[in-house]
Amino acid sequence: MLHEPAVELGKDHSIPQKTKLGVIMFLVYLIIYAGFVFIGTIFPKALGAKVIGAQNLAFIYGMGLILLAAVMGLIYNFFCTRFENKLNKGA
Amino acid sequence: MIYEISPTAITIFLIFVLTVLGLSFYFARKTKSASGYYAAGGQIHWAVNGIAFAGDYLSAASFLGICGMIAFYGYDGFLYSIGYLAGWVVALFLVAEPMKRLGKYTFADALDSKFDSRGIKLTAAISTLVVSIFYLIPQMVGAGAIVTTLLGFPHYVGVLIVGSVVILIVATAGMTSTTYVQFIKGGLLIVFSSIVVFLVLNKGLNVSPSDEYHKFITLDATFIDGKLTSVSDAEYKILGQFNDKDLVFVKLEKNGVFSWWKISLKDGNPILEEALSVVTMKDGTKLYNGEPKALKKFYQVGHINKILVDGKEVDRTGPVGPFEYIKDIEASEITRFTKKAFVYDGEKVTLYYQNITSGEDIMKPGLYYKLDKGSNFWSRLDFISLMLALFMGTSALPHILIRYYTVPSQRAARKSTIVAIVVIGFFYILTLYMGTGAMINGCLDVENSNMSAPLLAKTFGITLFSIISAIAFATILGTVSGLIVAASGAVAHDLMDKYMKMKLTEKGKVTAGRFAAVGVGIIAIILGIIFEKQNVNFLVGLAFAIAASANLPAILMLLFWKKTTSQGISWGIIIGMVASLVIILFSPTLYEIYGLAPDQAWIPLQNPGIISIPLGFITLVIVSLMTKKKTV
């Protein structure tokens, strides 16, 4: 017996588009996140360098990663909803 | 540390706990089916589920652990905030919707959706159990810390209370109850944490945290041939000296009470600085700053040594904005308290000595994870390992994954994840302010970093402290409930029903789940007592590493690699899980718990992710390629 979902889900024709977008956005974030880890490992002193408004790179980069996750999430949802509305019409 | 017990605190605390229990019993009456117990019938609104995600995720680790770690090690604690949140990116972009499409009640269901393999059912269930239990340990440790501080009971009593209450909740209610508890708690946590941060900024920086704060004294000292011969205050008698590499500590006595001091240099001359001490005497008696604990001579600490604003030294800043606050911290000097343990003349001595640290060092990584000064290959690898485990771990946590089955659609799964990211992200920004606020406001209990955030709230009044502590306690109740539902699902649904084919009825599945919940709860209670002294955040990092090593390769490869086989998934889970567990068992932290010297650990890594996560992926790929024909 295979396991069916907890609730019946309608057919979603937008899965390929959403998957592709998700992978691209994941890779973008991964690169930026890896950049932070790379700087911390190889050039730790650089994280103490002042960059914007007397704030250091560690603070700006760290806060930036948190805010970026939220912003990218909202962008992702916007496009996914558009894909769903467009491709699932009448489905 | 001995904490004052307040009737207000106890009243507020009890109201919270009773409300949580009342809510659980109310929803318990509605839970009749397995779908209701494990997945809340799949009918939770995405916004409610999103906040409940935040409630699940902002566990003891986030609220108690991160704030505590920042309070003790500065930016290194904030690394966890960054990594924990980044993990949600993996969940949103790669895992959320497919998991919703594939699963029914548990993580194993989703993995097994293509294959109907007994091997997957077994390994996924075991992995769920192991990760859940590792995640439960820090929750229990956090619960013990709160109850000790709030009610004055010993640590183990706190663990027993939480364990019992949660077993009662889960054994009666299930996922609907935990969802609403998490929703309420998640919302309250954000609101009250914001209030604390507002108060921290409003107070600003001040070299004197409060009127009651201990006034640290220094003594001038004379040394001949490296030995202390006299001190400036003749009332002090010299009892002994302990040298350790660059550090020198001396034991003095005044009015029959001994104290420990650290030697520093001031303008080229030696001085003695007060240290806090916990000494276990030869007869087993434990003395705090030379006296019995009940005399309350062991004070709270954490202060700014020097405040510089635009290059000028000041005593206080007054109210500051969030950016100005960070800038001022960076420009200042902060006195941290560093632990040093040794045996002297048959007595076990633990000192917490003053360690003046520049704000620049506090506001960048390096005080816990050595990256610059004092770093080596392993310390840098540990940093990478931690960041990798945090990034990959979130979307592999069973209690997070099961929350995708509580919403009605893929769109709802996606939207609830975004709500979670926004709410959790906002909270994590607050952790930096709460942690540094605790660091400089004289509220740290040097023996227990986990209580830093609630103790910071206490500096703004007992009511706020009580509410924050009650929320923290409810946080733990909720997270533990979610974890126990996930673990009981693994036992009752995956193992008993699917793997052993016990053909349970709907009612039978719920009953089995409840029995499993009791069993898992008891294990968690025992481990929560054993791991009492560990920072909860660190422990959660281990749970993330196990989840990322065992579960994530299986999830991602199933979704994105068509050649994945059931054997590949099973072996990937086993090797990822076993590798991470073995590395943890032989790590420096566990050596400390065994009572051995941490630097003698076989594997000098604190976090196993850098080895075990790739190993999980490689195993899955190799086994899948080797078994490909059998499953086509």
*What pairs can you find where one residue is in the stretch B:342-362 and within 14 Å of chain A (Cβ to nearest Cβ), the other is part of a loop (DSSP other than H, G, I, E, B) and surrounded by fewer than 16 Cβ atoms within 10 Å (Cβ to Cβ), and their Cβ atoms are less than 9 Å apart, with a gap of 6+ or different chains?*
B:361/B:373
*In the stretch B:403-418, is there at least one residue being of a type in the set (A, V, I, L, M, F, W, C) and within 19 Å of residue B:59 (Cβ to Cβ)?*
no
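Within the stretch B:59-71, can you find the residues that are out of contact with any strand residue (DSSP E or B) (no Cβ under 7 Å at 6 or more places or on another chain) and modelled with pLDDT of 80 or more?
First, pick out the residues of the stretch B:59-71 that are out of contact with any strand residue (DSSP E or B) (no Cβ under 7 Å at 6 or more places or on another chain): B:59-70.
Answer for the stretch B:59-71, where residues must be out of contact with any strand residue (DSSP E or B) (no Cβ under 7 Å at 6 or more places or on another chain) and modelled with pLDDT of 80 or more: B:63, B:64, B:65, B:66, B:67, B:68, B:69, B:70.
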*Among the listed residues B:357, B:285, B:335, B:350, which satisfies the condition of being surrounded by fewer than 14 Cβ atoms within 10 Å (Cβ to Cβ) and either of a type in the set (S, T, N, Q) or out of contact with any Leu (no Cβ under 7 Å at 6 or more places or on another chain) (or both)?*
B:285
*Only one of (1) in contact with a helix residue (DSSP H, G or I) (Cβ under 8 Å, 6 or more places away or on another chain); (2) more than 10 Å from chain A (Cβ to nearest Cβ) is not met by residue B:73, so which one is it?*
(1)
*Is it true that some residue in the stretch B:315-330 is β-branched (Val, Ile, Thr), within 14 Å of chain A (Cβ to nearest Cβ) and assigned to a loop (DSSP other than H, G, I, E, B)?*
yes
*If residue B:36 passes every condition in (1) within 13 Å of chain A (Cβ to nearest Cβ); (2) modelled with pLDDT under 85; (3) farther than 30 Å from residue B:497 by Cβ but one, which one does it miss?*
(3)
*Just to be sure, is residue B:437 touching a Lys or Arg at 6+ places or on another chain (Cβ under 9 Å), closer than 30 Å to residue A:50 by Cβ, at pLDDT 85 or above and more than 11 Å from chain A (Cβ to nearest Cβ)?*
yes
*Quick one: in the stretch B:272-307, which of the residues that are among the small types (Gly, Ala, Ser) and not in a strand (DSSP E or B) is nearest to residue B:72 (Cα to Cα)?*
B:302
_Top-ranked residue of the stretch B:204-221 - restricted to ones that are surrounded by fewer than 17 Cβ atoms within 10 Å (Cβ to Cβ) and of a type in the set (S, T, N, Q), ranked as nearest to residue B:259 (Cα to Cα)_ = B:218
*Quick one: in the stretch A:22-34, which of the residues that are more than 8 Å from chain B (Cβ to nearest Cβ) and either in a loop (DSSP other than H, G, I, E, B) or touching a residue at least 12 places away in the same chain (Cβ under 8 Å) (or both) is surrounded by the most Cβ atoms within 10 Å (Cβ to Cβ)?*
A:32
*Select from the stretch A:7-21 the residues that are within 9 Å of chain B (Cβ to nearest Cβ) and either surrounded by 14 or more Cβ atoms within 10 Å (Cβ to Cβ) or not in a loop (DSSP other than H, G, I, E, B) (or both) and list them in ascending order.*
A:7, A:9, A:12, A:15, A:18, A:19, A:21
*Considering each residue of the stretch A:65-84, count those that are within 9 Å of chain B (Cβ to nearest Cβ), exposed (fewer than 15 other Cβ atoms within 10 Å of the Cβ) and in contact (Cβ under 8 Å) with a residue 40 or more places away in the chain, and give that number.*
0
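Looking only at the stretch B:151-158, decide whether some residue is without any contact (Cβ under 8 Å) to a residue 60 or more places away in the chain and within 11 Å of another protein chain (Cβ to nearest Cβ).
no
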*Answer yes or no: is there a residue in the stretch B:364-385 that is surrounded by fewer than 23 Cβ atoms within 10 Å (Cβ to Cβ), over 23 Å from residue B:83 (Cβ atoms) and within 11 Å of another protein chain (Cβ to nearest Cβ).*
no
*Would you kindly identify the helices (runs of 4 or more DSSP H) lying entirely within the stretch B:367-449 that contain at least 2 residues that are within 20 Å of residue B:47 (Cβ to Cβ)?*
B:398-401, B:410-440
*Please go through the stretch A:48-64 and pick out each residue that is at the interface with chain B (Cβ under 7 Å from one of its Cβ atoms) and not in a helix (DSSP H, G or I).*
A:53, A:54, A:55, A:56
*Please tell me if residue A:91 is within 7 Å of chain B (Cβ to nearest Cβ), surrounded by fewer than 16 Cβ atoms within 10 Å (Cβ to Cβ) and modelled with pLDDT under 85.*
no
*Tell me which residues, restricted to the stretch B:51-100, are within 15 Å of residue B:448 (Cβ to Cβ) and of a type in the set (S, T, N, Q).*
none
*Would you call residue A:45 of a type in the set (Lys, Arg), surrounded by 15 or more Cβ atoms within 10 Å (Cβ to Cβ) and either at the interface with chain B (Cβ under 7 Å from one of its Cβ atoms) or in contact with a His (Cβ under 6 Å, 6 or more places away or on another chain) (or both)?*
no
_Considering residues of the stretch B:11-32 that are surrounded by fewer than 15 Cβ atoms within 10 Å (Cβ to Cβ) and farther than 15 Å from residue B:477 by Cβ only, the residue modelled with the highest pLDDT_ = B:11
*When you look at residue B:574, is it within 19 Å of residue B:133 (Cβ to Cβ), without any contact (Cβ under 8 Å) to a residue 60 or more places away in the chain and not small (Gly, Ala, Ser), yes or no?*
no
*asked:* I'm told residue B:121 meets every condition in (1) more than 11 Å from chain A (Cβ to nearest Cβ); (2) in contact with a Lys or Arg (Cβ under 8 Å, 6 or more places away or on another chain) except one. Can you identify the failing condition by its number?
replied: (1)
*asked:* Testing residue A:23 on (1) farther than 24 Å from residue B:404 by Cβ; (2) at pLDDT 90 or above, one condition comes back false. Which one is that?
replied: (1)
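The values are calculated or read from the model by the stated rules, or taken from the named source; none is laboratory data. Fair warning: this is a prediction, and the values are worked out from it, not measured in the lab. Ideal geometry is used to build each Cβ from the backbone, glycine not excepted, and the neighbour counts take in all protein chains shown.
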